[in-house]
Structure formats: C-alpha cells, structure tokens
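Let me begin by presenting the structure, written as structure tokens, before commenting on it.
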Amino acid sequence: MYRPIHELTDAYRRGDLTPTAVAEDYLARIGKLDGKVGAYLTVVHDQALAAARESELRWRAGSPRGPLDGAPIAVKDVLCTAGVRTTCGSKMLERFVPPFDATTVERLRAAGAVILGKTNLDEFAMGSSTEHSAYHPTRNPWDLTRVPGGSSGGSAAAVAGGLAAGAYGSDTGGSIRQPAAFCGVVGMKPTYGRVSRYGLVALASSLDQIGPFAQDVTDAALLLGAVAGHDPRDATSIEAPVPDYAAELTKGVAGLTLGLPDEYFPDGMDLDVERAVRQGIEVLKGLGAKIERVSLPTTPHALAAYYVILPAEASSNLARYDGVKYGLRVAGRDLIDMESRTRSAGFGAEVKRRIMLGTYVLSAGYYDAYYGKAQSVRTLVRREFAAAFAKVDLIVAPTTPNVPFKHGEKQDPLSMYLNDVFTIPGNLSGIPGLSVPCGFSAAGLPIGLQLLGRPLDEARVLRAAYAYEQATSWRSRRPELT
Amino acid sequence: MNPATTKYETVIGLEVHAQLLTRSKMFCGCPTTFGARPNTQTCPVCLGMPGSLPVVNRRAVEFGIRTALAFGCRVNDACRFARKHYYYPDMPKNYQISQYEEPLAENGALEIEAEGGTRTIGIQRLHLEEDVGKLLHEGTLETAQASLVDFNRSGVPLMETVSRPELRSPEEAAAYLRAFRAVLIFLGVCDGNMEEGSLRCDANISIRPRGSTTLGTKVEIKNLNSFRNVQHALEFEERRQAQALDAGERIVQETRLWDADRGYTRSMRSKEFAHDYRYFPEPDLVPLQIDRRWVEEIKASLPELPRAWRRRAVAQYGLPPYDAEVLTQSRALVDYYEAALREWSPASGAGAERPKILSNWIMSELLRVLPGDDERAIAASPIPPARLVGLLRLIENATISGKIAKDVFQKMFDTGDDARTIVERDGLTQVADEGALGQVIESVMAANPKAIEDYRRGKKEAKGALVGQVMKATRGKANPAL
Amino acid sequence: MIERKDVEHVARLTRLALSDAELERMREQLNSILAHLDTLRAVPTEGVEPTSHAVDVVNVMRDDTEGPCLSQADALANAPDPSGELFRVPRIIEE
Ligand SMILES: [Mg+2]
Ligand SMILES: [Zn+2]
C-alpha cells in the first residue's frame, strides 16, 4: 500500500486499487500512528474522502485529471487552505481560517490530488528541527528520539512514515532539503519564482520557495510539475514554460559535468555524512558523469548574510500580526498595549528573537552595515554560482553537515542555524536544489546528497537524481512504525 | 498681512497625496468606489492577509508618469517600491508599500499665481504608494474608548508629490494647492474632491529672521483637507512660531495636527518619538524599468493644461489673466466656457467683446449659483452653455436689458426653462417701438418742467433724472439706447 | 555590543512586551548572533551592487481591471473583535 504515487495511479488505472480505499487506509494509519510522529496539525478526514470519491469516479470513467489524481498528499501548514485553519505552527494563527486557497493548493485540487491535512513545522517556518512548533514537536520516523529536521519536518516525516504518499513544504534556507535528508526522502526546492508563492504565508519573501517531498524522484518530478508555472498573482513568479519533468528523467548523467565545491566539505563535518556523499559521487562517476572541482569561496559568509536578510524580511512580514484583523488578540489598556501583549503571547521565543534581530538590522543607522552589506554578499554568492555553472552542469554536495540530532540537543540558536550552511546558498542565489537519500549513518540515520542546478534547470537536477536513485537501493529501506 | 511676516520670513513646503482615478486598487483588483458599505471592497491583499501578494496596477503607474510629465519632472528609467514600517491599525500589514530611494519621478515645477505675480515652485519628487483604511472614532481621537476600522480605502492608489520648501506665505501655499489640483483634474488622474479625501495635504513650515539663509526648525502639519484649512492652519502656525521666537523659546521639531473646528494646531508627535520607518526594497515586487516609448506615448497624449489654456485665453480671447485663472479652477468650467463661446461666435468675426462678456456672466452669475471647482456640478448645470448664450443674445439684440437678464438667469436656473420662454411668458421684452415710448416720454416731460429747464440750462445730470423717470414708468423695459 | 536600552527600543519599535528576564536573555543572544553577523565586515564588497531579488524579472504589472472582493462577512470572519460592519480596536494613544 505504501508505494510511490506513480505506482498508486498505475494501480488505479488497472483497477487494483481505488483512491477511496487508499485515502481511507492513509487516514486510518494517521489515526493509528501520528500520535507517535506528530506530523500533522490538522487532518481533513471528510474533505479527503470526498475528494477521493470524486477521483474514483474519474478513474472509473477512464478520465483522470493527470498523474496526481487520487494521490493522498499533505501540505505544510503555511499554505493557505480555504475554509481550513492555517496556523503556521503558531498560537498567533490558531484560529485563522483563510478565505482563499494558495495557488499551489488550487492547482493540486485541480489535478485531483487528495489533500489529507496540514503538516507541522517550526513556528512560522523558523527552525531546522520542528521542535519549535507552538503545538507539538514532530519526531523522526527513523528514530522517534530524534528530530525530523525543519522547518518542514511534518511533511518530511509524513512521507517517510507512510502518513502521506507525497507532501509539499517551503524552503527558505533549507527547510525542504534538510528535513528530506534527515527523513530519508526526496525533497526539492525549485528555482525561486518557479512555483507561485501566492497563499504561502511569508517568512522571507525573497528566499521562500515551495517544493515537494516524495518517496522517489519520479514522484518528485510529478509533484513539481503539478504546481510549477507562472501565476499572475505573484509578481516574482517566472513566466517560462514548464517542461515534462517526468519525461526527462531517464536521460541519464553520462556526459554531464558535476561540480564538487571544496567549501562543502569543511573540517569537522560528520564523517558518516562525508563518506556517504563521497560514495554517492563515485556512483555518479560510475554512471558516466564527469566530476570537476569548483570553488564557491563566499560560502562561509552565506550563513551570516542569510541571518541578516531572513530576520529583516521576517520582522516585516510578521508585523501584520497585531490582533486587529485576524488571529490572536490579548486585551490591553490601549491599542499599543493590546498589540504588544498579543505579539508577546502569540509568538514563541525563536520568532521573537528573529523579529528583534530583523528590526534591529533595519533600524536607523544599521541598514548599510547589515542589510545593505548582506545583499552585496548575496550578489557575490550568485556570481560564484554563475561562474561555476559556466563550467559545470550541476553541483553535487552534502545536504547537511550532520545527521538527525536528538530532541533538545541544540539549545544555542547559532548551533541550530549551522544546520543550513549547505542549503542557504541555494536560497540566496535562487537556484534549484534537491536532496536524495544517499545512505545511512552507523546509527542507521538517513543521509542526503544535494544536487544544485542552474536557474530553471530543475529537469537536469531531477534527471541526475533519478539516475543516482536507480543505481542505488536506498529507497527500498523504510522506517519501522508500529 | 500677518504681523509675523514683517519680522520673520516663512518657508513652506507641501506634501500632497492624491488618490488616482483607477478602476481598481494599487496592488489588487478591489474597486476604488467611494462611499460603499464598510469592508465590502476588500480582498486578502488589501486586508494584508497572510499569504497574499501585491501586483502593481499599470494604470496607476501611467497616471503617475502623466502627472510627472505635466510638472516637467524627470521620469526615472528605473524605480522600485519599498516597505515603510510603522504600526497603525488602519494599515493592514503595518507597513505601507511606497517608494523611497528610487521614486517614479523627480525635479519638476508648478507655476502659481501669487500676489507678486507668477511664481514657479519646485517639485522635488513624485512617487506612488498605497492608501490606508479609514479609522472611525467613538467620539474624538482623544476621548474615544475604542476606534473602528473600515478597510475599503486600504490599497487605493496614492500619488505623493513633494514640493520644494519654496512657498513664502500661507496664501502661496493655498495658491499652490489650487494650481496643483487644477492640473490633476485637467489630466483626469484625480477628481480633486477634498471633502472625500481624494486630495490631502500635509505642510512643513518654518520661519526665520528676514535675511537669514539657514532654515528654522520645521514643523509638520497634518490633516489639511481644504484650501481654507491650508491657509488658516499655516497662518496660525506662522503666528505661533513667531510668538514663540519673540518669547525667546525654541521651536520643537514635531508633527502637529490642525483642528479645523477649534482653529488651532496641536502637537501629535514630537521628534523624540519620531518613527523609524526601516525602509527596505519590497521583495514581493520586482523593479520597474520605465520604457521610454511608453513615456513618449503618454507625453503625446497629454491634454491642454491650465497654464497653457490661460495663456491661450489671454492671447486669443483677450481675457484678463484674472478671468482665465478663475475659469481654470476646473476642467468642466473651461469646457463650459469654450462650449458657450463656440455657440456664440462660430466665425468669431462679430463681437470682439463677447469672450469677456461671457466670462463676466460665468464669474458673476454662474459661479454665484454653482461651485466652480465642482466638476460634476458645472458639467450638470441646469443652464447649459447654449442656453446662457441664448440669454446673452437677447441682451445683444436689445430684447431685454442686462438688468432684467440677471432676473431671467435666476429664473432659468430655478425652472430650467430657456431665456426666450421666460421673457415671453413674463412679458419682459424691452419697449423698443418709438411711438409707445414717445408717449411715455412726453408725459414724463410734462410732469417735470423744472428738470427740462435745468437740462436746457446745461445741467447734464438732469437728463439722467428724466431717463430714470422713463425707466420707472416702463418698469425698466425701456431701451436706454433710444 | 548592543545594550539593554537598545533592546528595549527595538522591542518598542516592533510591539513586543518583554519581561526583564526576556530582555536580558534577548540582549545576550542578540549580541552573540550579531558577533557572528559582524564577520560580514571581512567580505570585500566595494562596488558590488546589492541583490534584493534572486530572479532578474522586471516590469510585472497588472491591468486596471476589477477582481472579486470578499463578502463583508468573509472579510470580518477572522476579526478578533468585530463590531457590526467594522473591526474594533482599543483606544488609540499616540506614542
Ligand atoms: Mg506618503
Ligand atoms: Zn483588495
């Protein structure tokens, strides 16, 4: 039953399975196991079954809407869903019910997908462990004492734990790729502007991008294809045709040049991770890819630039939560008192920390030293990628410097931020990146291989990932959840 | 003249916010209609809902360029939007999407008619932004226990135009605003309705000892929503600052609010609590690179502006500059004048005095019964241009006297009938046949032998007395020309 | 090094009511994070123009046409304190 979406739909076509039976089974499994994992914040049981029944009718009539028709999927709770509360993992939005669907959700419904529910995340997508949800932490299906990564940890854990056949998350500094690596699934951040951000509750508007979590690369291609493409409601979305990603998958990596950046193998990185990634690169070489060393010297500074830009934009995006129009309100003597009490009660510690940091770096006298400087460093990061991609087709690197850590292990904010050193540059430069399982640590924890591509070159990223996946058997391993 | 201005020199700069006459809002599709029921013209975007995104209204940009060209501003090749942060409950996102370092246009000028004749006032910048919602207070702002917000106006396109501090008196400030308003109305970019808030004005005013070259401490005055308010508020502030300086006090840099009912300005916010707006480039919007061809197209489509019309009216119609100034207070009034003139002198051969007669009647009669700056009222005048001309023709061909014509005008206005109908119905035609008039004159002369004696002796004024008698006898219908 | 009063100022700017303990912890954490961010100074960026958008898209504008509005009920549905047709807020005292 827990097979990739493309296998489910094959079974629908043959009539071996029905969308309703599959949806019921997933809902039952969520009821039985999600208490342990905590992947979901909201499960829309009845809506899901209704959608599944409609899908079933289409399959029976031999007129499915496409490769996602009847696919039971989950969406991160930062994507607005009409009539279904969208909390962003925050007390601030506990009772917020959007009157509209995010473009991604709209396209999923149009594609016939069966949305099972909204998945857990670090509050307002600020975090790398999904420990900082205002509701409950999410646990890693491979080891419930460990974190699933974050901020899209709920979506990653749902797919890894067989609680959804596929899922969507958002990636601002690694929030799709890092949890995908931690949970042993495929996760992709497309090019900035490839998927509409309309209806995605903003963390950092110039970095946020929506992308899929999948059991395999084929599903990732299908899930991306269903939501990619220009949207007039998002001024930053790119007007470019969407290729048939699935059709490109089998072209192989023979003849492709893969860049290997020295800066992505720093001293003191987890040895299991380094070993697995280097083995993965050997596999790609064996498949006919040329490997070439590239240099991205600004990489060590990307983290600092990111932690200026992100809090700055976040402090601005989160200014609207003031107890006036929607969300939480805590009574106060007067307006300012009400707003201050509301924001203090509605936001968690990490959110307050970043709002304070962002407000500070934008405040009078500090703009040039921080925001202006960080935006220039961002230019350098983009230039270095551009230079590298002039020589190589793809860049291959580890997704994370470490394996899933234990809940509560990382208390100091900075050590938590360091999780994203290898994924952040992709957001700063807007290029597409994907994490594909490439092995396990001695302790049996998943490790991810990251592939980065040229802007809008998702097809080639997916194609290399597919070639690697087909040459290895990592995806056959699944966590035992009972 | 204000006593203050003899000892001190006043320096005033005006910031005018004009609502643009677009169909939809600046960043969303909601209508901009004034006076709808509260909160019926909103959407996720203009309510600042999580996940919503702005998209620029092309028409608003076009109107901005159109206005910029009318003021001779340089339209910048590239401009961008920025976020301006401050908390206020009528501003849904708690930041306003505005323009900061890269405005749409800069460096223009506006000619105004001041006591000293024509003066040219510099325009520093012109930029686009979004309006905020409307706050209603339960009572006054100070006493209200609560306030209520209507977001219909939130997101309506605003064009902010900042003058250079080159206005030297409250009169000039009012003249600037009048001329400014006329230009916008002629361009059709704003309805100029100050009561409905389509045109709002803030002023910066400082005074300094005559001859001094350094600027005094400036005070910002908000809420100047009529020409009268602009003048009165600035006169009050001029006096207040002069008295403060005379008393050896120093002027505090602050924002003051004009209370039109009580006729004074009071402190709103002093520099110590000045906002720290934390501007940064709006990441949800991409930069605009203004296409020169577009600018040229707009330039080619510019209508005749007040200044050009005044010049033409003086040169071509021989109107006094004062008349031309009065007529250009609205587009409708100029259209009215032009239409009437076309009607009256098609070949404009005869009646060189007609243009002046016409402006006299419009200024003394039409503007007595209708507000000249009210486009709608003038356009819908119960006495259309052709009918006014009909009346003037009756004077011209001596059917009625000018004195009677004024009564007929009022009757036309009240009843909506044309001049001839009224004159015939009320039997107001002049006694023009000499026979009938002869008898009247003889009887008058018979009754006034003394007056005739005096006249013969050369007392010219005696004639006047006699004519007066005749007029009296004919109830003013006699044609004095006979 | 940012001081207590800076933290208080920033908290006021962004409408956060922080307890003494929170202010103190915030001061320490902000200082340690800022110490890391200050490593940016080492990066030579003279003449490097800033990037505010990862994509080079420009001139995205919409036509001036009316789109659908929310019903008044939907607009107010999430309001914490609706009052008839309006959003209510506590009395406003200028800063
Ligand atoms: Mg403004
Ligand atoms: Zn709207």
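The values are calculated or read from the model by the stated rules, or taken from the named source; none is laboratory data. None of the values given here were measured: they were computed from a predicted structure. Please note: Cβ atoms are built from the backbone with ideal geometry, for glycine as well, and neighbour counts cover all protein chains shown. What goes into the accessible areas is simple: the full protein's heavy atoms, side chains included, and nothing from ligands, DNA or RNA. Shrake-Rupley method; radii C 1.70, N 1.55, O 1.52, S 1.80 Å.
Which numbered condition in (1) in a helix (DSSP H, G or I); (2) within 14 Å of chain B (Cβ to nearest Cβ); (3) of a type outside the set (A, V, I, L, M) is the only one that A:ASP234 fails?
(1)
For the stretch B:35-56: of the residues being closer than 30 Å to B:ARG178 by Cα and within 14 Å of ligand 2 (Cβ to nearest atom), which is nearest to the chain's Cα centre (by Cα)?
Step one: list which residues in the stretch B:35-56 are closer than 30 Å to B:ARG178 by Cα, which gives B:35-36, B:56.
Narrowing further to those that are within 14 Å of ligand 2 (Cβ to nearest atom): B:36, B:56.
Details: B:ALA36: 25, B:VAL56: 29 Å.
Only one residue tops the list, namely B:ALA36.
If I ask for residues that are away from ligand 2 (no atom under 16 Å from the Cβ) and open to solvent by less than 10 Å² (accessible area, probe 1.4 Å), which ones from the stretch B:60-70 would you list?
B:VAL61, B:PHE63, B:GLY64, B:ILE65, B:THR67, B:ALA68
Restrict the check to the stretch C:34-52 and report whether at least one residue is touching a strand residue (DSSP E or B) at 6+ places or on another chain (Cβ under 8 Å) and either outside any helix (DSSP H, G or I) or within 16 Å of ligand 2 (Cβ to nearest atom) (or both). Don't jump to the end; show me each part of the working.
Filtering the stretch C:34-52 down to residues touching a strand residue (DSSP E or B) at 6+ places or on another chain (Cβ under 8 Å) leaves C:52.
After this cut, where a residue has to be either outside any helix (DSSP H, G or I) or within 16 Å of ligand 2 (Cβ to nearest atom) (or both) as well, the list is C:52.
Yes, because at least one residue in the stretch C:34-52 is touching a strand residue (DSSP E or B) at 6+ places or on another chain (Cβ under 8 Å) and either outside any helix (DSSP H, G or I) or within 16 Å of ligand 2 (Cβ to nearest atom) (or both).
Given the conditions (1) surrounded by fewer than 21 Cβ atoms within 10 Å (Cβ to Cβ); (2) within 30 Å of B:GLN41 (Cβ to Cβ), which single one is not true for B:GLU171?
Tallying (1) surrounded by fewer than 21 Cβ atoms within 10 Å (Cβ to Cβ); (2) within 30 Å of B:GLN41 (Cβ to Cβ), B:GLU171 fails exactly one: (2).
Search the stretch A:11-68 for residues being β-branched (Val, Ile, Thr) and over 30 Å from A:THR145 (Cα atoms), and hand back the single one that is surrounded by the most Cβ atoms within 10 Å (Cβ to Cβ). First the steps, then the outcome.
At the first step, the residues of the stretch A:11-68 found to be β-branched (Val, Ile, Thr) are A:18, A:20, A:22, A:30, A:37, A:42-44.
So of that shortlist, the ones also over 30 Å from A:THR145 (Cα atoms) come out as A:18, A:20.
Numbers: A:THR18: 18, A:THR20: 21.
Only one residue fits best here, namely A:THR20.
For A:ARG95, are the conditions met, namely being outside any loop (DSSP other than H, G, I, E, B), open to solvent by 10 Å² or more (accessible area, probe 1.4 Å) and modelled with pLDDT of 95 or more? Full working, then the answer.
Numbers: outside any loop (DSSP other than H, G, I, E, B): no; open to solvent by 10 Å² or more (accessible area, probe 1.4 Å): yes; modelled with pLDDT of 95 or more: yes.
Judged against the criteria, A:ARG95 is not a match.
Just checking, does the stretch A:370-381 include any residue being more than 10 Å from chain C (Cβ to nearest Cβ), closer than 23 Å to C:LEU37 by Cα and out of contact with any His (no Cβ under 6 Å at 6 or more places or on another chain)? Working first, answer last.
So the first thing to find is which residues in the stretch A:370-381 are more than 10 Å from chain C (Cβ to nearest Cβ), and the list is none.
Looking through the stretch A:370-381, none of the residues is more than 10 Å from chain C (Cβ to nearest Cβ), closer than 23 Å to C:LEU37 by Cα and out of contact with any His (no Cβ under 6 Å at 6 or more places or on another chain).
Given the structure, is B:GLY372 surrounded by fewer than 17 Cβ atoms within 10 Å (Cβ to Cβ) and assigned to a loop (DSSP other than H, G, I, E, B)? I'd like the intermediate steps shown before the answer.
Details: surrounded by fewer than 17 Cβ atoms within 10 Å (Cβ to Cβ): no; assigned to a loop (DSSP other than H, G, I, E, B): yes.
Taking the combined requirement at face value, the residue does not satisfy it.
Please find, among A:LEU296, A:LEU287, the residue that is surrounded by 14 or more Cβ atoms within 10 Å (Cβ to Cβ) and in contact with a strand residue (DSSP E or B) (Cβ under 8 Å, 6 or more places away or on another chain). Let's see the steps before the verdict.
Values: A:LEU287 fails: in contact with a strand residue (DSSP E or B) (Cβ under 8 Å, 6 or more places away or on another chain).
Going through A:LEU296, A:LEU287 in turn, the sole match is A:LEU296.
Based on what the data block shows, is A:VAL277 hydrophobic (A, V, I, L, M, F, W, C) and out of contact with any Cys (no Cβ under 7 Å at 6 or more places or on another chain)?
Numbers: hydrophobic (A, V, I, L, M, F, W, C): yes; out of contact with any Cys (no Cβ under 7 Å at 6 or more places or on another chain): no.
It is false that A:VAL277 is hydrophobic (A, V, I, L, M, F, W, C) and out of contact with any Cys (no Cβ under 7 Å at 6 or more places or on another chain).
Return the residues of the stretch A:212-227 that are open to solvent by 10 Å² or more (accessible area, probe 1.4 Å) and assigned to a helix (DSSP H, G or I); say none if nothing qualifies.
Of everything in the stretch A:212-227, those that are open to solvent by 10 Å² or more (accessible area, probe 1.4 Å) and assigned to a helix (DSSP H, G or I) turn out to be A:THR218, A:LEU222, A:GLY225, A:ALA226.
Does the stretch B:41-52 contain at least one residue that is open to solvent by less than 30 Å² (accessible area, probe 1.4 Å) and within 16 Å of ligand 1 (Cβ to nearest atom)? Talk me through it step by step, then tell me what you get.
Filtering the stretch B:41-52 down to residues open to solvent by less than 30 Å² (accessible area, probe 1.4 Å) leaves B:41-52.
Subsequent filtering for residues that are within 16 Å of ligand 1 (Cβ to nearest atom) retains none.
No - not one qualifying residue is present in the stretch B:41-52.
Hey, any hits in the stretch B:96-111 for a residue that's within 16 Å of ligand 2 (Cβ to nearest atom), closer than 30 Å to A:ASP337 by Cβ, modelled with pLDDT of 95 or more and in contact with a helix residue (DSSP H, G or I) (Cβ under 6 Å, 6 or more places away or on another chain)? Let's see the steps before the verdict.
Our first condition is that a residue be within 16 Å of ligand 2 (Cβ to nearest atom); within the stretch B:96-111, this holds for B:96-97.
When the remaining residues are screened for being closer than 30 Å to A:ASP337 by Cβ, the result is B:96-97.
So of that shortlist, the ones also modelled with pLDDT of 95 or more come out as B:96-97.
Subsequent filtering for residues that are in contact with a helix residue (DSSP H, G or I) (Cβ under 6 Å, 6 or more places away or on another chain) retains none.
The answer is no; no qualifying residue exists.
Go through the stretch A:218-262 and report how many residues are at pLDDT below 95 and closer than 24 Å to A:ASP208 by Cα.
0
Considering each residue of the stretch B:46-72, count those that are in a loop (DSSP other than H, G, I, E, B), touching a strand residue (DSSP E or B) at 6+ places or on another chain (Cβ under 7 Å) and at the interface with another protein chain (Cβ under 9 Å from one of its Cβ atoms), and give that number.
We begin by selecting, within the stretch B:46-72, every residue in a loop (DSSP other than H, G, I, E, B); these are B:46-55, B:71-72.
From the residues that got through so far, the ones that are touching a strand residue (DSSP E or B) at 6+ places or on another chain (Cβ under 7 Å) too are B:51, B:54-55, B:71-72.
Cutting the leftovers down to at the interface with another protein chain (Cβ under 9 Å from one of its Cβ atoms) gives us B:51, B:54-55.
Here the count works out to 3.
Which one is modelled with the highest pLDDT among residues in the stretch B:341-351 that are assigned to a loop (DSSP other than H, G, I, E, B) and open to solvent by 70 Å² or more (accessible area, probe 1.4 Å)? Even if it seems obvious, please write down each step before you answer.
Filtering the stretch B:341-351 down to residues assigned to a loop (DSSP other than H, G, I, E, B) leaves B:345-351.
Then keep just the ones that are open to solvent by 70 Å² or more (accessible area, probe 1.4 Å); that gives B:346-348.
On the way: B:PRO346: 67, B:ALA347: 60, B:SER348: 51.
Out of the qualifying residues, it is B:PRO346.
(1) out of contact with any helix residue (DSSP H, G or I) (no Cβ under 9 Å at 6 or more places or on another chain); (2) within 27 Å of B:ASP373 (Cα to Cα); (3) within 14 Å of another protein chain (Cβ to nearest Cβ): which one isn't true of B:GLU138, the others all being true?
With respect to (1) out of contact with any helix residue (DSSP H, G or I) (no Cβ under 9 Å at 6 or more places or on another chain); (2) within 27 Å of B:ASP373 (Cα to Cα); (3) within 14 Å of another protein chain (Cβ to nearest Cβ), B:GLU138 is out only on (2).
For the stretch C:70-89, indicate whether the set of residues that are buried (at least 16 other Cβ atoms within 10 Å of the Cβ), at the interface with chain B (Cβ under 8 Å from one of its Cβ atoms) and β-branched (Val, Ile, Thr) is non-empty.
Checking the stretch C:70-89: at least one residue is buried (at least 16 other Cβ atoms within 10 Å of the Cβ), at the interface with chain B (Cβ under 8 Å from one of its Cβ atoms) and β-branched (Val, Ile, Thr).
Within the stretch C:1-33, how many residues turn out to be open to solvent by less than 40 Å² (accessible area, probe 1.4 Å) and either more than 8 Å from every other protein chain (Cβ to nearest Cβ) or part of a loop (DSSP other than H, G, I, E, B) (or both)?
Residues that pass the stated criteria total 7.
If a residue has to be more than 16 Å from ligand 1 (Cβ to nearest atom) and farther than 14 Å from B:ASP202 by Cα to count, how many in the stretch B:148-180 make the cut? First the steps, then the outcome.
The initial filter retains those residues of the stretch B:148-180 that are more than 16 Å from ligand 1 (Cβ to nearest atom), namely B:148-152, B:164-179.
When the remaining residues are screened for being farther than 14 Å from B:ASP202 by Cα, the result is B:148-152, B:166, B:168-169, B:171-172, B:175, B:178-179.
Here the count works out to 13.
How many residues are facing another protein chain (nearest Cβ under 7 Å) and not in a helix (DSSP H, G or I) if we restrict to the stretch A:335-369?
Total satisfying the criteria: 2.
Has the stretch B:352-359 got at least one residue that is within 21 Å of B:ALA182 (Cα to Cα) and either of a type outside the set (A, V, I, L, M, F, W, C) or open to solvent by 10 Å² or more (accessible area, probe 1.4 Å) (or both)?
Looking for residues that are within 21 Å of B:ALA182 (Cα to Cα) and either of a type outside the set (A, V, I, L, M, F, W, C) or open to solvent by 10 Å² or more (accessible area, probe 1.4 Å) (or both), one finds at least one in the stretch B:352-359, hence yes.
Considering each of B:VAL132, B:VAL149 in turn, give the residue that is within 14 Å of chain C (Cβ to nearest Cβ), within 16 Å of ligand 2 (Cβ to nearest atom), of a type in the set (A, V, I, L, M, F, W, C) and open to solvent by 10 Å² or more (accessible area, probe 1.4 Å). Don't jump to the end; show me each part of the working.
On the way: B:VAL149 fails: open to solvent by 10 Å² or more (accessible area, probe 1.4 Å).
None of the others qualify; the one that does is B:VAL132.
Do the conditions hold for A:LEU79, that is, is it within 20 Å of the chain's Cα centre (by Cα), closer than 24 Å to A:ILE176 by Cβ, more than 14 Å from chain B (Cβ to nearest Cβ) and at pLDDT 95 or above?
Details: within 20 Å of the chain's Cα centre (by Cα): yes; closer than 24 Å to A:ILE176 by Cβ: yes; more than 14 Å from chain B (Cβ to nearest Cβ): no; at pLDDT 95 or above: yes.
No: the conditions fail for A:LEU79.
Does any residue in the stretch B:20-45 that is within 9 Å of chain C (Cβ to nearest Cβ) come within less than 6 Å, Cβ to Cβ, of a residue that is among the acidic types (Asp, Glu) and within 12 Å of ligand 2 (Cβ to nearest atom) six or more places away or on a different chain, and which pairs are these?
Within 6 Å, the pairs are B:ARG23/C:GLU66; B:SER24/C:GLU66; B:GLY29/C:GLU66; B:PRO31/C:GLU66.
What about B:ALA419, is it within 26 Å of B:ARG312 (Cα to Cα) and small (Gly, Ala, Ser)?
Spelling it out, it is not the case that B:ALA419 is within 26 Å of B:ARG312 (Cα to Cα) and small (Gly, Ala, Ser).
Inspect all residues belonging to the stretch B:78-91 and state whether any of them is within 16 Å of ligand 2 (Cβ to nearest atom), open to solvent by less than 10 Å² (accessible area, probe 1.4 Å) and part of a loop (DSSP other than H, G, I, E, B). Lay out the reasoning, then the answer.
As a first pass, look at the stretch B:78-91 and keep what is within 16 Å of ligand 2 (Cβ to nearest atom): B:90-91.
Next, only the ones that are open to solvent by less than 10 Å² (accessible area, probe 1.4 Å) stay: B:91.
From what is left, the residues that are part of a loop (DSSP other than H, G, I, E, B) are B:91.
Yes: the stretch B:78-91 contains one or more residues that are within 16 Å of ligand 2 (Cβ to nearest atom), open to solvent by less than 10 Å² (accessible area, probe 1.4 Å) and part of a loop (DSSP other than H, G, I, E, B).
Quick one: B:THR32 ticks every box in (1) open to solvent by less than 10 Å² (accessible area, probe 1.4 Å); (2) within 16 Å of ligand 2 (Cβ to nearest atom) except a single one, so which number is it?
Single failed check for B:THR32: (1).
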